[in-house]
Amino acid sequence: MYQLTDKKKINATILLFALTYMVSYMTRTNFGAIISEIAESTGFANSLLAMSLTGSFITYGVGQLFSGVLGDKVSPKKMVSIGLAVTVVINLLVPLCPNPWWMLGAWSMNGFAQAMMWPPIVRIITTAFSGDACKKTMTTVSSGGYVGTIFIYLLAPLVILFSGWKGVFIGSAIMGAVMLIVWQFAAKN
């Protein structure tokens, strides 16, 4: 990897990473944002559905360790691509899950897939930027996560109104797929 010096490339890279991180948060926090709607619609107990959030949290933590080690051997672009692709598939599968146990399995896999995005992005940032530029970039990119969380909590009620809770997962999957395409074309090796 190389240090970025061109201002346009720097800004484009920061924007790409922030958008990627924003979408990753939208495809990760959506379940928690609509858990009560899922419970009301399906009749599944909130406590059983909440296990999916716990499973995702655990696999995300384990996945961070795994991704950190794997990141030294696999290209960061590939890792983020795989993480995005898997989270898109999982977001499409959750509405098809017949019970909370299947949701637990699916959302736990989503947690692991989500963990494949942040470590590679950090690796690229720390390689491509130095000093204050690295700190500012990390702050800006991590802010994408906050924006993604806010968006999903603002958009979810509207999506539920028009297409039910399953629409939130489908919409998130579409956002993830669009981001995957953008990532594939915009991210440099």
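As a summary of the residue check, Gly61 satisfies the conditions (1) in contact with a helix residue (DSSP H, G or I) (Cβ under 6 Å, 6 or more places away or on another chain); (2) in a helix (DSSP H, G or I) except for the one numbered (1).
Can you list residue pairs whose Cβ atoms sit under 7 Å apart, with the first residue in region 136-149 being over 14 Å from Tyr25 (Cα atoms) and the second being in a helix (DSSP H, G or I) and open to solvent by less than 10 Å² (accessible area, probe 1.4 Å)? Count only pairs 6 or more apart in sequence or on different chains. Partner pairs satisfying both residue conditions: Thr137/Ile125; Met138/Ile125. Of all the listed residues (Met138, Met109), the sole one being within 17 Å of the chain's Cα centre (by Cα), modelled with pLDDT under 95 and open to solvent by 10 Å² or more (accessible area, probe 1.4 Å) is Met138.
When Glu40 is tested against (1) at pLDDT below 95; (2) loosely packed, with under 13 Cβ neighbours inside 10 Å, exactly one condition is not met: (1). For region 141-172, the set of residues classified as among the polar types (S, T, N, Q) and open to solvent by 20 Å² or more (accessible area, probe 1.4 Å) consists of Ser142, Ser143, Thr149, Ser163, listed by residue number. Candidates in region 55-70 are the residues that are over 16 Å from the mean Cα position of the chain (by Cα) and open to solvent by 60 Å² or more (accessible area, probe 1.4 Å); of these, the one that is farthest from Thr29 (Cα to Cα) is Val69.
With respect to (1) in contact (Cβ under 8 Å) with a residue 40 or more places away in the chain; (2) open to solvent by less than 70 Å² (accessible area, probe 1.4 Å), the lone exception for Ile35 is condition (1). Residue under question is Lys73, and the condition is that it be assigned to a loop (DSSP other than H, G, I, E, B) and either open to solvent by 40 Å² or more (accessible area, probe 1.4 Å) or more than 27 Å from Gly167 (Cβ to Cβ) (or both); does it hold? Criteria met by Lys73. Is it the case, given these coordinates, that Leu15 is assigned to a helix (DSSP H, G or I), within 22 Å of Phe151 (Cα to Cα) and free of Cβ contacts under 8 Å to residues at least 12 places away in the same chain? Judged against the criteria, Leu15 is a match. Scanning region 96-135 for residues being of a type in the set (D, E, K, R) and in contact (Cβ under 8 Å) with a residue 12 or more places away in the chain gives a total of 1.
The values are calculated or read from the model by the stated rules, or taken from the named source; none is laboratory data. All values derive from a computational prediction rather than experimental measurement. When we count neighbours, we look across all protein chains shown, and the Cβ atoms used for this are built from the backbone with ideal geometry, even at glycine. For accessibility, only protein heavy atoms count, side chains too; no ligands or nucleic acids. Shrake-Rupley method; radii C 1.70, N 1.55, O 1.52, S 1.80 Å.
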